[in-house]
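To start, the structure itself, in C-alpha cells.
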Amino acid sequence: MTAPAAPAAHIHRPTRPPGALVIEIEGVTKLYKMGAEIIHALRGVQLTIRRNEYLAIMGPSGSGKSTLMNMLGCLDTPTDGRYDFNGKNVAHMVDDELAEIRNREIGFVFQTFNLLPRSDALHNVELPLIYAGMSPSARRERALAALSNVGLADRIHHKPNELSGGQRQRVAIARALVNNPSIILADEPTGNLDSKTGEEIMALFEQLYDQGQTIIVVTHEEDIARHARRIVRLRDGLIESDARVH
Amino acid sequence: MTRTIYEFTESFRIAFQQIRANAMRSVLTALGVIIGIVAVTLMGTAINGINIGFQNSLAMLGEDILYVQRWPWRNVDDWWNYINRPAIRIEHAEKLNRIIESTPNSLLEVAVPVAGRGSSVKSGDIKLSGVTIIGSTSDYSRIVTADIAEGRLYNDIEANAGRQVCVLGSSVAETLFPGRPALDQVVDIRGQHFTVIGVLAKQGEFLGLFSFDNQIVVPLAALRKYWGSRIDLQLRVKVKDKTKLMQAEEELQGAMRRVRSQLPAERDNFSINQQQAFKAQLDPVKSGIAIAGLFITGLALFVGAIGIMNITFVSVKERTKEIGTRKALGARRRTILLQFLIEAVSICLIGGVVGLALTFGIAVGIREKLPALPVEFSGSLIFISMAVSIITGIVSGFLPALGASRLDPVVALRYE
Ligand SMILES: Nc1ncnc2c1ncn2[C@@H]1O[C@H](COP(=O)(O)OP(=O)(O)O)[C@@H](O)[C@H]1O
Ligand SMILES: [Mg+2]
C-alpha cells in the first residue's frame, strides 16, 4: 500500500459525505482474445462507488484502467462478474439498453475531447439531449446553462477549431453534465493539455464536485490524482490499493 | 416518437453538413444518380409526349367513328385477298342508313360517304400541292372532328346540287390567303372554281405523319361531276355510344354484309377500321423507348448505387471515432443506422433534384427548338424520380450504415 502524499496546495478540502450506492462491481473480469493469445485486462475486480465521491483510478500503462473505465461507463460488458448500476444489473444488458444508461446516467469526458468538429459548442452540448428526445427549446436552455456553468457562455457559437484546448475540454465537460448524470467519467481528461490548463480543468472538477457531482477520473499522473478524495490503484488487472485522501 | 423526429432532424443536419464539407466528392458520387434520373425522366417525358400526341391524333379520327373501307389499317401479307374487293359506293351508305333506321336500338347513328383524293389547288398566283380534297354529303357535319373556325359547312341543297363551294383546312386557308379573310374567295381545284364558305379550326398533325389541316371539303356531288362517279369511297359511321364501340362494330359488320348481300360462308369483303388499330402499332414504339430508358436508368443507378455505397463506407470509416463518441453519448443502433442512411439518401435526393432539373431544362429546350418532337413533363415524374432516388439511397446506404450501427463503442472510440 503506497499512501499518497497529502497535497499541500489544498488547504480547504471539504469532503461531502458519501450518498447512495451508484456502482457495485464484484469479481469482474475482462478477457481479450488476440489470435491465440488471451489477454487478461481485468482479473477479478471488486469496487463500490457511492454518490458524492470523487475518485481517481491510477495505475501504469496497460494495467486495465481504460478497460475498467469502459466497463463502469457501460460502453462494454464484463466477461464475467457482477455489475450493478443504481441497483440495476447491467452486466448482461444489450447494446441499446446500455446506450440508454449512458445517455441518462453517465457523462463522459475524453482525453481527446471528442467534439463534433463541424458543430458549434452549443450543438455539441445539446447532442445527449437530442438522443434523450428533449424538445429543441428545452435542450437549448439546458445546454446554455451547462456551458455557462463551465464559464463558456460567451463561446456558444464557436466551433471546436475556434477554441483553445482547455476550452474544448470545458465544452466536453458541459456536454457530460448536461443530462444531470449520476456520475462523470473522465479518462485522462488533462492528457492532451499543458499543466497550467490541466490545473484549470481540475479546478473545474473541484467546483463540480462542490456542486454535488460524482466524479471518476482515470489518470496516471499523481498531480492529477491528488485532487480526488479517494484513489484506486490498478496493477495487472487487479486493484492494488483503494485509499481515502485527506 | 418525438425522439425519433429529433433524431431525424439531427440526421438531416449532419448529412447536409457532411455533404457541404465534401461537396466535390458528393457531387461526383451523385453523378450516377443524376444520369439515372435524367434517363428515367426523359423516357417518361417522351412516352408522355407520345401518349398525348397519340390521343390528339386519335381525336382527329374521331373516337366514335368507325371507318368502312376496302383495306384495313394495318399491313397485310395476303394483299391478293383484298385487291379484288368490290369498291364502296354511295348507294352502300344509303342502304346502310336505311338499315340503321329500321333497326330498333341500333348502336349506330349515321353512315356518311367520304371520298378523298390528293390534288394541287390554286388561288391567284399561289399554288399549293398535295392537298387532300374531301367530298361528302351534308351529313359530314355530323362526323367532322374539327371545329368550324369561320363560316359554315355546305348545306343539304348545296350538297345535293353539287354546288362548287368549299370549306378549307386551316393551313390551306393560311397559305392561299395569307393575312386576309378566305371567306367568299375562290379556289381553283383542277380548273374548277370553288367558293370558300368556311374555314376549319387547326387540328395539327396525325402522329406527326400528315396534316389534318391540309384539306379542302367539298360536296361529293361536285367532286363526282369532274372525277367520275366510280370514285372510291369510304363510309364513316358514327356510333351512338363510344363506350360500346365493339358492339357497334359487330352490328355494323352484320349490316354491311346485308348491304353487300354476302352469303353466310363468305368472308367480309370490306374492312371496318377504328382508332384502336393504331394503338397496336404504337405500343412497340413505346415499349422500345421504355426498355432503352430503363436499361440506361438501371445501369446508371447501379453504378451510382455502388458509388454511394462506397462513399458511405468511406464516410463510416472516416468517422468511426465520431460514431464511438455518439454511442458514448447515448446514440442507439438505429440512430446511427438512420444517420448514415439519411446521408446516403440525401446524396441521392440531391442527384435526383439535379437530374429532374436537367430533364426539365431539356424538355423545355426541345419544346422550343424541336416542337415536332413529343415531350411532356408531368408531376408523376417528380414523384417517380424522388422515389427512385430515395430507394437508391436506402439500398446503397444500408450495408455501410448497418456496419456503423453495429460498431462496438469501445473499438470505435479507440479508432484513430
Ligand atoms: N480491444 C482490445 N483488444 C485486445 N487487447 C486489449 C484491448 N483493449 C485493451 N487491451 C489490453 O488490455 C490491457 C489493459 O488495457 P487498458 O485498459 O487500455 O490499459 P490502461 O488504460 O491502463 O493503459 C492491455 O494489455 C491492453 O493491451
Ligand atoms: Mg488507457
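Just so you know, all these numbers are worked out from the coordinates, no wet-lab data involved. Here the structure is a predicted model, which is why all the values come from computation and not from measurement. FYI the Cβ positions are ideal-geometry reconstructions off the backbone, even for glycines, and counts take in every protein chain you see.
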Search the structure for amide H atoms under 5 Å from the amide H of B:GLY204, placed 1.01 Å from N in the peptide plane, and list their residues when 5 or more places away or on another chain. B:PHE212, B:ASP213
Compute the helix-to-body angle for B:90-102: its Cα long axis versus the longest principal axis of chain B, expressed 0 to 90° and rounded to tens. 70 degrees
For chain A, what is the relative contact order in percent, using Cα pairs closer than 8 Å and at least 6 residues apart in sequence? 28 percent
Where only alpha carbons of region B:65-274 are counted, the Rg and the Dmax (Å): 17.9, 59
Helix B:379-405 vs. chain B, principal-axis angle (Cα, 0 to 90°, nearest 10): 20 degrees
Determine the gain in length on full extension of the stretch B:GLU63-B:ARG20; use 0.36 nm per residue of separation and subtract their C-alpha separation, reporting nm with one decimal. 10.0 nm
Which part of region A:43-71 falls in the paramagnetic zone of A:THR79, meaning amide N under 14 Å from the point 7 Å along Cα-to-beta-carbon? A:43-45, A:64, A:67-68
Which one, A:SER63, A:SER119, A:SER135, has the greatest fluctuation when you compute a Gaussian network model over chain A with C-alpha springs under 10 angstrom? A:SER135
Karplus-derived 3J(HN,Hα), 6.51/-1.76/1.60, for each residue of region A:109-119, Hz, glycine and proline x: 10, 9, 4, 9, 6, 6, 8, 6, x, 9, 9
Label point distance in nm, A:THR15-A:ALA145, each placed 7 Å from Cα along Cα→Cβ: 3.1 nm
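Full-extension gain between A:ALA203 and A:HIS157, please, as 0.36 nm times their residue separation minus the C-alpha to C-alpha distance.
Length gained, A:ALA203 through A:HIS157: 14.1 nm.
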Suppose we keep just the alpha-carbon trace of the protein assembly as shown; what are its Rg and Dmax in angstrom? 43.5, 133
What is the total of Lys pairs in region B:65-274 with C-alpha atoms under 25 Å apart, excluding same-chain pairs fewer than 8 positions apart? 11
What number results when the radius of gyration of chain B, computed over Cα atoms, is divided by 2.2 N^0.38 Å? 1.49
Fewest-first sequence of A:HIS220, A:HIS157 by Cβ atoms within 10 Å of each Cβ: A:HIS157, A:HIS220
Compute the distance from the alpha-carbon center of region A:18-94 to that of region B:353-401, in whole Å. 55 Å
Using C-alpha positions alone, give me the convex hull volume of chain A per residue in cubic angstrom. 134 Å³
Top mean-square fluctuation among A:ILE38, A:ILE106, A:ILE57, Gaussian network model of chain A, C-alpha springs under 10 Å? A:ILE38
Max mean-square fluctuation residue, GNM over chain B, Cα-Cα springs under 10 Å, options B:LYS369, B:LYS202, B:LYS327: B:LYS369
Derived scalar couplings ³J(HN,Hα) [region B:7-17; Karplus, 6.51 cos²θ - 1.76 cosθ + 1.60; whole Hz; x for Gly, Pro]: 5, 4, 4, 4, 4, 5, 4, 4, 4, 6, 4
At a Förster radius of 56 Å, what calculated FRET efficiency corresponds to the Cβ-Cβ distance of B:TRP71 and B:VAL395, to the nearest 0.05? 0.60
What's the average, rounded to a whole number, of partner chain beta-carbon atoms within 10 Å of each residue's beta-carbon in A:127-134? 6
Would you mind classifying region B:258-416 by shape? Square roots of the alpha carbon gyration tensor eigenvalues, ordered a ≥ b ≥ c; an a/c under 1.5 is rounded, otherwise it is prolate if a/b is larger than b/c and oblate if not. prolate
On a straight-distance basis, which lysines could pair with A:LYS65 in a cross-link, Cα separation under 22 angstrom, same-chain partners fewer than 8 positions away excluded? A:LYS30, A:LYS33, B:LYS321, B:LYS327
Given a Förster distance of 30 Å, report the FRET efficiency between B:ASP125 and B:ALA149 from their Cβ-Cβ distance, rounded to the nearest 0.05. 0.75
Rounded to the nearest 0.05, what FRET efficiency is calculated for B:GLN192 and B:ALA265 with R0 set to 56 Å and r the Cβ-Cβ distance? 0.75
With an 8 Å Cα cut-off and a minimum separation of 6 or more residues, compute the relative contact order for region A:5-128 in percent. 24 percent
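Counting only DSSP beta bridges with both residues in the protein assembly as shown, what percent are antiparallel, rounded to the nearest 5?
70 percent
Can you show me the helix-derived [θ] at 222 nm for chain A, built from DSSP H runs with n ≥ 4 at -39,500 (n - 2.57) apiece and divided by the number of residues, rounded to the nearest 500.
The helix-only estimate for chain A comes to -9500 deg cm²/dmol at 222 nm.
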Note down the net charge around B:ALA46, summing +1 for each Lys or Arg and -1 for each Asp or Glu among other residues with Cβ under 10 Å from its Cβ. 0
Listed with the fewest Cβ neighbours within 10 Å leading, B:LEU299, A:LEU127 appear as B:LEU299, A:LEU127
Quick one: which residues, 5 or more positions from B:ILE133 or on another chain, have an amide H under 5 Å from its amide H? H modelled 1.01 Å from N in the peptide plane, none for Pro or chain starts. B:ARG117, B:GLY118, B:SER119, B:ILE216
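Relative to the present Cα-Cα distance, how much length would full extension add between B:SER380 and B:THR9 at 0.36 nm per residue of separation?
130.9 nm
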Contact order normalised by residue count of chain B, Cα under 8 Å, 6+ apart, percent: 29 percent
For helix B:333-369, report the angle its Cα long axis makes with the longest principal axis of the Cα atoms of chain B; keep it between 0 and 90° and round to the nearest 10°. 30 degrees
Using only DSSP helix segments of four residues or longer, with each worth -39500 (n - 2.57), what per-residue ellipticity at 222 nm results for chain B after dividing by its residue count and rounding to 500? -19000 deg cm²/dmol
